[in-house]
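Peer 1: Dumping the structure here so I can ask a few things about it.
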Amino acid sequence: MVTVNPLGQSGFRFVAGSTIFYVDPYLSDAVERKHGPQFSRQVPLPMSPTQVTDANLVMISHGHTDHCDPITIATIAMQSPQAIFICTYESVPILEKAGVAANKIQLVTEPLTPLTKDISYAAIPAAHPTLERDSQGRLRRCGFLLHFENCLVYHAGDTSPHVEIFRALEGAEIDYAFLPVNEKNFFRDQKDIIGNMSVREAFHFAEKIGAKRLVPMHFDMFAPNSVFPEEIELLYEKLQPAFKLEFLWPGKEYALNSALEMVH
């Protein structure tokens, strides 16, 4: 069985067998400190980073503070000295500055890669807002395709639709697609907020990749970048897409499996 604890924004704690890992944990007020009180947390801390003593892995999709939080990372590195941090090249200097030892940092790989006996993963390109690679062809930002024994989970990180993403996911039988729904628009651009997909785009994205369930994310943490759950639910009701819409709320634990059962 795979369980997941939502942490708010795009952060999640997964437990698969004996492996415990975190994806994009934001467990501080680092964004508010950096950008001002309008970016105060709307999601209470589901746990303190000092409580993260159990991490085997920490996966970071890209270098923005709400995904690669130096306060959270520095604390996890101290509290979980066994943890390996998996990230793109963009995040490496942030991790090193936060005190993560070089031998605890691994760059993401796009081919399917075993991490433990409980999980394998592949890095999936992400377009935020564009898809970028360095001169060596390495991804600047990514999502993660997480292969568990009983289900397949796609955590998109921050992204907009892109043909290279669809190519990378072709043929994957995705049980759960965790997709950002905080749309990019003119008014957010004026505030230097790099948005992602609109709710409608995320629905089309989920259908394009054949996901069985869509888990909206990146809509709850900051007021200037938020989406009301009612907006998402209304559009789902009107469009009636083939996938099932599933909200995962911080402070709760969910069990994931390919039979599409979810228990709190």
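Laboratory data are not the source of any read-out in this text; all were calculated from the coordinates shown. For clarity, every value in this text was computed on a predicted model and none was experimentally measured. Positions of Cβ are generated from backbone atoms using ideal geometry, with glycine treated the same way; all protein chains shown enter the neighbour counts.
Peer 1: Could you work out how far the C-alpha centroid of segment 43-99 sits from that of segment 216-238, in angstrom?
Peer 2: Distance between centres, Cα-based: 26 Å.
Peer 1: Related question: How many percent of DSSP beta bridges within segment 2-256 run antiparallel, rounded to 5? Write out the running numbers ahead of the final one.
Peer 2: Numbers: 30 of 51 bridges.
Counting DSSP beta bridges with both partners in segment 2-256, the antiparallel share is about 60 percent.
Peer 1: Over the Cα atoms of the chain, what is the Rg over Rh ratio if Rh follows Kirkwood?
Peer 2: Numbers: Rg = 17.0 Å, Rh = 18.3 Å.
A ratio of 0.93.
Peer 1: Let me ask something else. Work out how much length residue 78 to residue 101 would gain on full extension: take 0.36 nm times their residue separation and subtract the Cα-Cα distance, in nm to one decimal. Walk me through the numbers on the way to the answer.
Peer 2: Numbers: separation 23, 0.36 × 23 = 8.28 nm, distance 1.05 nm.
Stretched fully, the residue 78-residue 101 segment lengthens by 7.2 nm.
Peer 1: Mind listing the long-range amide H neighbours of residue 121? Cut-off is under 5 Å, sequence gap 5 or more, other chains count too, H placed in the peptide plane at 1.01 Å from N.
Peer 2: Residues meeting the amide H criterion: 113, 115, 147.
Peer 1: Averaging sequence separations of C-alpha pairs under 8 Å and six or more residues apart, then dividing by the length of the chain, give the relative contact order as a whole percent.
Peer 2: Worked out over the chain, it gives 18 percent.
Peer 1: Still on this structure, I have one more. With all distinct Cα pairs included, what does the Kirkwood hydrodynamic radius of segment 1-88 come out to in Å, to one decimal, could you say?
Peer 2: On the way: mean 1/r = 0.0767 Å⁻¹.
So the Kirkwood estimate lands at 13.0 Å.
Peer 1: Around residue 11, which amide H atoms from residues at least 5 apart in sequence, or from another chain, sit under 5 Å from its own amide H, with H modelled in the peptide plane?
Peer 2: 26
Peer 1: Evaluate E = 1/(1 + (r/R0)^6) for residue 109 and residue 226, where r is the Cβ-Cβ distance and R0 equals 35 Å; express this FRET efficiency to the nearest 0.05. List each step's numbers first, then the result.
Peer 2: Details: r = 34 Å, r/R0 = 0.96.
About 0.55, to the nearest 0.05.
Peer 1: Going through the cross-link list 34/238; 184/208; 191/238, which pairs have a Cα-Cα distance over 28 Å in this structure? Intermediate results must be reported in sequence, preceding the final value.
Peer 2: Working: 34/238 39 Å; 184/208 20 Å; 191/238 31 Å.
The answer is 34/238; 191/238.
Peer 1: Quick one: among 143, 195, 171, which has the greatest mean-square fluctuation in a GNM of the chain with alpha-carbon springs under 10 angstrom?
Peer 2: 171
Peer 1: Right, here's the next one. List the residues whose amide H sits under 5 Å from the amide H of residue 143, counting only those 5 or more places along or on another chain, with H placed 1.01 Å from N in the peptide plane.
Peer 2: Sorted by chain and number, the residues that satisfy this are 124, 126.
Peer 1: For segment 22-31, take each phi angle, set θ = phi - 60°, evaluate the Karplus expression 6.51 cos²θ - 1.76 cosθ + 1.60, and give the result in whole Hz per residue in order, putting x for glycine and proline.
Peer 2: 10, 10, 6, x, 10, 10, 8, 10, 4, 5
Peer 1: Would you work out the charge dipole size for the chain about its Cα centre, treating the Cβ of every Lys and Arg as +1 and the Cβ of every Asp and Glu as -1, and quote it to the nearest 20 debye? Each step should come with its number before you reach the end.
Peer 2: Values: 22 positive and 31 negative charges, 74 e Å.
Computed charge dipole of the chain: roughly 360 debye.
Peer 1: Pick from 139, 179, 235 the residue whose mean-square fluctuation is largest in a GNM of the chain, springs joining Cα atoms under 10 Å.
Peer 2: Evaluated over the chain, the most mobile residue of the options is 235.
Peer 1: Once every Cα of segment 60-171 carries one equal point scatterer and solvent is ignored, give the base-10 log of I(q)/I(0) from the Debye formula at q = 0.11, 0.16, 0.21, 0.22 Å⁻¹, two decimals.
Peer 2: Values, matching the q order: -0.35, -0.75, -1.20, -1.28.
Peer 1: Hey, what's the Kirkwood Rh for segment 137-188 if you take every pair of different alpha carbons, in angstrom?
Peer 2: Values: mean 1/r = 0.0799 Å⁻¹.
Taking the inverse mean of 1/r over all distinct Cα pairs, segment 137-188 comes out at 12.5 Å.
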